[in-house]
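Trainee: Take this structure, written in structure tokens, and hold onto it; I'll ask about it next.
Readers should treat all values here as calculations from the given coordinates under stated rules, not as data from a laboratory. What you see is a predicted model; the values in this text were computed from it and never measured. Because the Cβ atoms are built from the backbone with ideal geometry, glycine has one as well, and the counts that use them run over all protein chains shown.
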Amino acid sequence: MAKSPEYEHPIKAYGYAARDTSGVLSPFTFSRRYALCDLIFGSLLNMSTGDKDVRLKVLYCGICHSDLHFAKNEWRMSTYPILPGHEIVGVVTEVGSKVEKFKVGDTVGVGCLVGTCGSCECCANDLESYCPKQILTYGFLYHDGTLTYGGYSDHMVADEHFVLRWPENLPLDSGAPLLCAGITTYSPLRHFGLDKPGMKVGVVGLGGLGHVAVKFAKAFGAEVTVLSTSSAKKQEALQGLKADHFIVSKDPEQMQRATSSLDGIIDTVSASHPIEPLLSVLKQDGKLVFLGVPEKPVEISAYSLMMGRKIVTGSATGGLKETQEMLDFAAKHGVTADIELIPIDYVNTAMDRVLKSDVRYRFVIDVANTLKAP
Ligand code: NAP
Ligand code: ZN
Ligand code: ZN
């Protein structure tokens with residue numbers, strides 16, 4: 001018979017998890033694997049891992065909209081309990097015997113991935129986020145068959161390949177969201193050539209991902225237009241985030257004025273929304289990159305793609321090498337998230353507020369100071 005989450009592994013752990021599609025999170029006790037044991041010790045204890053593992057005490061963890069999608073099983077792939085969190089910053093407390101990159105006391109990050117096959121073409125090319133056998137930080141089965149649990153918890157254990165070195169001058173709390181929102185926006189800006197000075201980049205949806213997209217695009221020297229449904233965000237976008245233009249995407253007149261003006265659009269919207277108006281503001285050969293993952297499929301007419309030879313594509317987080325590059329770039333250029341730091345018992349209210357787009361612009365949980373041992 002399968003062991004319960006509390007007894008699968010030898011080390012006690014605790015956090016906040018959702019048990020069903022209500023998505024409501026509540027205190028949860030479980031267990032995590034050893035990081036110290038070598039393979040012989042590990043096999044004696046019937047453990048499959050350990051020597052390349054890093055254990056970290058979680059300090060901060062961002063709340064990504066994907067955490068909500070997962071907690072409520074909106075993508076129909078959740079295995080409960082879902083203990084979310086993939087924007088994790090912590091301090092190393094133990095390392096396995098074969099760990100080379102980290103030592104106890106290092107500040108580190110863990111993002112969306114904790115495992116891959118390690119042998120496919122994507123893995124070989126540092127594109128781990130496209131590995132067909134990727135293991136997400138929470139809600140997925142690990143190599144040993146146990147469920148992965150994320151960063152809304154006292155500590156984490158991850159193979160060192162999936163652990164990021166934290167740049168010295170990057171803040172821990174407002175830097176945490178870079179581990180998902182940061183790499184998810186940095187990677188497509190780079191890959192689709194929107195990282196050149198003068199490029200005209202549109203960002204749709206000014207939320208957690210969107211506001212970081214604006215900051216990276218500006219750091220690359222692009223001319224940035226925010227397309228938002230919230231006219232109240234105009235001043236913040238132009239003054240606070242230094243966007244060059246702001247369009248209320250629901251206003252046909254404002255959209256009309258922007259016809260054929262953008263080289264590329266980064267679409268971060270979490271819910272179903274009209275796509276045709278976005279295609280109309282792209283230049284010839286312009287690219288619309290989907291990052292947001294609404295529940296329902298999108299509808300696009302072939303005609304609006306033909307007229308202007310437009311490209312519709314998507315992008316999923318980024319590989320580990322590029323994530324490290326992004327963190328170093330962010331530290332150098334002062335890119336962090338605008339955050340609201342919250343205690344963990346505020347998490348359900350925070351999620352409700354994310355759903356209403358009522359956050360400027362990312363909630364980060366102060367895990368170490370507010371998560372109490374059961
Ligand atoms: P978020 O903070 O909630 O931001 C989403 C923004 O979308 C909102 O601030 C809002 O911006 C806009 N929006 C929300 N509902 C809308 C609606 N009904 N119609 C039009 N616009 C709406 O979410 P996030 O954390 O940035 O995540 C955004 C999406 O990206 C989620 O679906 C998430 O799962 C996905 N994601 C994907 C990846 C990936 O690898 N591709 C990685 C992380 C997250 P305005 O108020 O400005 O309109
Ligand atoms: Zn995320
Ligand atoms: Zn692979």
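Trainee: Students often get this wrong, so check it: of K242/K287; K215/K250; K196/K356; K3/K103; K250/K296, which have C-alpha atoms separated by over 26 Å?
Mentor: Violating the 26 Å limit, Cα to Cα: K196/K356; K3/K103.
Trainee: Still on this structure, I have one more. Among R19, R55, which comes first, second and so on when ranked by fewest other beta-carbon atoms within 10 Å?
Mentor: Least to most surrounded, the residues fall as R19, R55.
Trainee: I would also like to ask the following. Out of the GluC sites (Glu not before Pro) in the range 290-374, which ones are loop residues according to DSSP with at most 14 other C-beta atoms within 10 Å?
Mentor: For GluC sites (Glu not before Pro) across the range 290-374 that sit outside H, G, I, E and B with at most 14 neighbouring Cβ atoms in 10 Å, the list reads E295, E299.
Trainee: Pulled fully out, how much extra length does the chain show between K12 and R257, if you take 0.36 nm times their separation in residues and subtract their Cα-Cα distance?
Mentor: The K12-R257 span can extend by a further 82.4 nm.
Trainee: Moving on to the next point. I need S4, S270 ordered by Cβ neighbour count within 10 Å, fewest first.
Mentor: S4, S270
Trainee: By count of other Cβ within 10 Å, fewest leading, how are D267, D154, D345, D251 ordered?
Mentor: Lowest to highest Cβ neighbour count: D251, D345, D154, D267.
Trainee: Tell me which lysines have Cα within less than 23 Å of K372's Cα, excluding those fewer than 8 residues away on the same chain?
Mentor: Within the straight-line cut-off, K372 pairs with K12, K57.
Trainee: Here's a follow-up. Provide the net charge surrounding A158, with neighbours chosen by a C-beta distance below 15 Å and charges set as Lys +1, Arg +1, Asp -1, Glu -1.
Mentor: -3
Trainee: Ok, one more. Assuming 1.002 mPa s and 20 °C, estimate D for the range 181-314 with Stokes-Einstein, Rh taken as the Kirkwood radius over Cα pairs, in µm²/s.
Mentor: 149
Trainee: Find the Cα radius of gyration of the chain, compare it with 2.2 N^0.38 Å by division, and give the number to two decimals.
Mentor: 0.99
Trainee: Indicate the helices, whole DSSP H runs only, in the chain that combine a mean Kyte-Doolittle hydropathy of -1.0 or more with a Cα extent along their long axis of 18 angstrom or more.
Mentor: Span-like helices, by this rule, are 320-333.
Trainee: Do the sum for the chain: with -39,500 (n - 2.57) for every DSSP H run of n ≥ 4, divided by all residues, what is the mean residue ellipticity at 222 nm, to the nearest 500 deg cm²/dmol?
Mentor: After summing the helix terms and dividing by the residues of the chain, the value is -6000 deg cm²/dmol.
Trainee: Report the percentage of all Cα-Cα pairs in the range 1-153 whose separation exceeds 23 Å, rounded to a whole percent.
Mentor: Distances greater than 23 Å cover 38 percent of the Cα pairs.
Trainee: A follow-up question, please. Starting from the Cα-Cα distance between Y80 and E121, subtract it from 0.36 nm times their residue separation and give me the gain in nm to one decimal.
Mentor: Separation in residues times 0.36 nm, less the Cα-Cα distance, equals 11.7 nm.
Trainee: What residues of the range 319-338 lie in the reach of a label at H191, counting those whose backbone N is under 17 Å from a point 7 Å from the Cα along Cα→Cβ?
Mentor: 319-327
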